[in-house]
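A short write-up of the structure that comes next.
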């Protein structure tokens, strides 16, 4: 696997994990103001979720790269 392939794999895992982490800890306002979405989160904590996503992705990416480099999975 070359550097570009490793980067693409990392990005794919990152986005999937980000979408999985987004709904964690979401609290919605019980009585939203008129004109606002009833599902809008009070405090989305995006910075914490981005950091958590990056940590999870890095661990998974290392595992995926190790499996690919070991020869168990080949893309040739």
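Rule-based calculations on the coordinates, nothing more; no lab input. Given the structure is predicted, the values throughout are model-derived calculations rather than measurements. Don't worry about glycine lacking a Cβ; one is built from the backbone with ideal geometry, like all the others, and counts go over all protein chains shown.
Brief remarks on what is shown
- Residue 43 versus residue 7: modelled label distance in nm, points set 7 Å from Cα along the beta carbon direction: 3.7 nm
- Computed with the Debye formula from one identical point scatterer per Cα of the chain, without solvent, the log10 of I(q)/I(0) at q = 0.11, 0.17, 0.22, 0.24 Å⁻¹ comes to -0.43, -0.72, -0.96, -1.05.
- The stretch between residue 16 and residue 52 holds 11.7 nm of extra length on full extension. This uses 0.36 nm per residue minus the Cα-Cα distance.
- Helix axis angle, 46-70 relative to the chain longest principal axis, alpha carbon, degrees: 20 degrees
- Rounded FRET efficiency, nearest 0.05, which uses the C-beta distance separating residue 74 from residue 29 and R0 of 35 Å: 0.10
- Averaging the sequence gap over all C-alpha pairs within less than 8 Å and six or more residues apart, then dividing by the number of residues, gives region 3-70 a relative contact order of 40 percent.
- Helix axis angle, 3-21 relative to the chain longest principal axis, alpha carbon, degrees: 30 degrees
- Computed [θ] at 222 nm, helices only, for the chain once each DSSP H run of length n ≥ 4 contributes -39500 (n - 2.57): -20000 deg cm²/dmol
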